[in-house]
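The values are calculated or read from the model by the stated rules, or taken from the named source; none is laboratory data. Source: prediction; values computed, not measured. Ideal geometry is used to build each Cβ from the backbone, glycine not excepted, and the neighbour counts take in all protein chains shown.
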Amino acid sequence: MTYATQQDLIDRFGEKELLELTDRANTGSINATVVSRALTDADAEINGYLAARYTLPLASVPEVIVRLASDIARFYLYDERATEQVSKRYDNAVKLLRSIASGAVTIGVDSQNAQPATEGGAQTQANDRVFTVGRPTAGTAGTLDDYLG
């Protein structure tokens, strides 16, 4: 399973663009094999960065990874014809992947690939008092009266 799909590319960049980039035999149809190759290459690049911090494969794909995979696959589809905008989006994707790999940016799952807890918060547990001042103690607790002046 790839991080992004052909439909993700169509939704983001349009069917016309994808057709122009993949229809090498002039059939009038998007070449799914060409798209699949670009998506697989994008996944391999992304995994190279994610493996530094996360257990792969990811159990669920965060939307940011879908976007990065789409931008990288698009760059691969353009190949040597990449426009400035396509190249810039690819460069930004790689920059973000480096930040994810270094831990400066998170993708919403922990390093073991589990979704972070969204409920709860800090929890405390109170134990019995160990020392008291000015009153007798019961059990194993002591008193500080002898130490206070």
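So for region 74-81 (the condition being charged (D, E, K, R) and touching a residue at least 40 places away in the same chain (Cβ under 8 Å)), does at least one residue qualify?
yes
Within region 64-79, is there a residue that is exposed (fewer than 13 other Cβ atoms within 10 Å of the Cβ) and not in a loop (DSSP other than H, G, I, E, B)?
yes
Just checking, how many residues over region 89-132 are loosely packed, with under 11 Cβ neighbours inside 10 Å, at pLDDT 60 or above and aliphatic (A, V, I, L, M)?
1
Can you pull out the residues in region 35-55 that are over 14 Å from Ile100 (Cα atoms), of a type in the set (A, V, I, L, M, F, W, C) and surrounded by fewer than 17 Cβ atoms within 10 Å (Cβ to Cβ)?
Ala44
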